[in-house]
Ligand SMILES: [Zn+2]
């Protein structure tokens with residue numbers, strides 16, 4: 001996330017932190033999920049701002065974002081928006097968030113940090129979809145119906161549990177049972 005500040009980035013920020021605009025920029029901070037591969041993804045940042053981002057410390061320091069959010073660089077806008085969003089229960093932060101009009105792509109970039117991937121994956125990390133066929137990677141004691149589904153059991157046409165990405169449903173012995181995704185492997 002943090003890397004050496006390049007000459008180009010130094011020029012862009014005029015050697016000043018692009019968040020607080022007061023302290024010397026000492027590092028390049030890549031705004032996730034993007035990488036340090038180009039300066040368009042980076043924000044020139046000072047030690048102080050960096051330490052606050054890393055420690056998740058909120059506080060009045062971040063009122064400086066009222067200025068940086070107007071920076072013309074999308075990366076600076078995105079990072080400013082992201083930090084403000086994490087502080088949005090504070091009235092001042094919420095006011096800034098509602099007063100700016102950023103490009104939708106910048107907002108999406110900023111908020112990507114708060115979105116958990118809610119996809120179902122098997123024990124190998126392969127994405128599972130409705131209708132897939134899976135194999136049990138270990139024997140399961142099925143609660144309530146009193147039978148054991150042995151390791152290697154094939155379950156066809158699984159159904160993803162919508163509100164729990166660690167669970168799927170499938171038929172074993174004519175019974176629809178809930179299976180944890182960590183105990184399955186996708187077939188095919
Ligand atoms: Zn700073």
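Size check on segment 134-186: the Cα extents along the three principal axes, sorted descending, read 26, 21, 17 Å. Were the residues from residue 105 through residue 175 laid out at 0.36 nm apart, the gain over their Cα-Cα distance would be 20.6 nm.
Expressed as a fraction of 2.2 N^0.38 Å, the rule-of-thumb size for a compact globular protein of N residues, what is the C-alpha radius of gyration of segment 72-134? Each step should come with its number before you reach the end.
Numbers: Rg = 17.0 Å, N = 63, 2.2 N^0.38 = 10.6 Å.
Its radius of gyration relative to the 2.2 N^0.38 Å reference: 1.60.
Shape annotation for the chain: C-alpha extents along the principal axes are 68, 36, 28 Å, from largest to smallest. For the residues 143, 156, 38, a GNM of the chain with alpha-carbon springs under 10 Å puts the largest fluctuation on 143.
Annotation for residue 113 and residue 98: the two label points, set 7 Å from Cα along the Cα-Cβ direction, are 2.3 nm apart. Treating the angle as unsigned and between 0 and 90°, give the value, to the nearest 10°, between the Cα long axis of helix 74-86 and the longest Cα principal axis of the chain. Orientation of helix 74-86: about 70 degrees from the principal axis.
One chain, two ends: residue 37 and residue 137. Fully extended at 0.36 nm per residue, the span grows by 32.1 nm beyond their Cα-Cα distance. Annotation: extensible slack from residue 4 through residue 147 equals 45.6 nm (criterion: 0.36 nm per residue apart, minus Cα-Cα distance).
With the convex hull of the Cα atoms taken as the outline of segment 9-69, the averaged projected area works out to 4.1 nm². Put the Cα centre of segment 57-102 next to the Cα centre of segment 21-44 and the gap is 16 Å.
With runs of 4+ DSSP H residues as the only contributors, calculate the mean residue ellipticity of the chain at 222 nm using -39,500 (n - 2.57) per run, divided by the residue total and rounded to the nearest 500. Each step should come with its number before you reach the end.
On the way: 6 runs with 50 residues, N = 188.
Only helices count here, giving -7500 deg cm²/dmol.
For the chain, a Gaussian network of Cα nodes joined below 10 Å ranks 53, 69, 158 by mean-square fluctuation, and the top entry is 158.
Any read-out appearing in this document is the output of simple, stated calculations on the displayed coordinates, not a laboratory observation. All values reported here derive from a predicted model rather than from experimental measurement. Using ideal geometry, Cβ is built from the backbone for each residue, glycine included, and neighbour counts are taken over all protein chains shown.
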